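No value in this document is a laboratory result; all are computed from the given coordinates. It should be emphasised that the depicted structure is a prediction, and the values quoted were computed from it without experimental measurement. FYI the Cβ positions are ideal-geometry reconstructions off the backbone, even for glycines, and counts take in every protein chain you see.
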Amino acid sequence: MKTLLSSLKINTLVLTLALFCVGAMTTLSSCVAAYDAVSVENLTNISNKLPKLMEKATEAYSKHEPAATSILSDIGKAATHAASLKKNKEVADSWKILQNDLVSPFFARWKESGKLDKDFIKEATMQVTKSLDAIKRAESAKKK
């Protein structure tokens, strides 16, 4: 009888723990936005274009102004799209930070100066790449 009781206690404990884990996983997955192909496409396009354009900042801004304007527009659209998705506030905020705190000031400085120093470009590009990588990780974590 004693063995049966201890067996029931362990089985009850295991069942309770399993139900808790299932409940937690269900709740946590409902807090994350669903996978969105448009978001991934936006991220891929911007990740491919932006660092390459930034590396050209040793040249005259006027030569690359249309490309800079275009990429800023693309980032704005990506940020707007991210903000329109449910449960996606953190990613949308990351896009806004990328746009307002990293890319726009970089292009403004490039425009004002005409050309930028290689060391400054390298540091700015590294920060932008880290920001894009963080957005990639967040997008990868979304359930498909």
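Filtering the stretch 65-79 to residues that are within 20 Å of Thr129 (Cα to Cα) and free of Cβ contacts under 8 Å to residues at least 12 places away in the same chain leaves Thr69, Ser70, Ser73.
Of all residue pairs spaced 6 or more apart or on separate chains, those with beta-carbon atoms under 9 Å, a first member in the stretch 90-104 that is closer than 16 Å to Asp133 by Cβ and a second member that is surrounded by fewer than 15 Cβ atoms within 10 Å (Cβ to Cβ) and of a type in the set (Val, Ile, Thr) are Trp95/Thr80. Being over 18 Å from Pro51 (Cα atoms), free of Cβ contacts under 8 Å to residues at least 60 places away in the same chain and charged (D, E, K, R) is a property that Glu112 has.
When the stretch 107-141 is filtered for residues that are under 18 Å from Asn45 (Cβ atoms) and surrounded by 13 or more Cβ atoms within 10 Å (Cβ to Cβ), the ones remaining, listed by number, are Phe107, Thr125, Val128, Thr129, Ser131, Leu132, Ala134, Ile135, Lys136, Ala138, Glu139. Determine whether the stretch 107-121 contains at least one residue that is of a type in the set (Phe, Trp, Tyr) and under 16 Å from the mean Cα position of the chain (by Cα). No.
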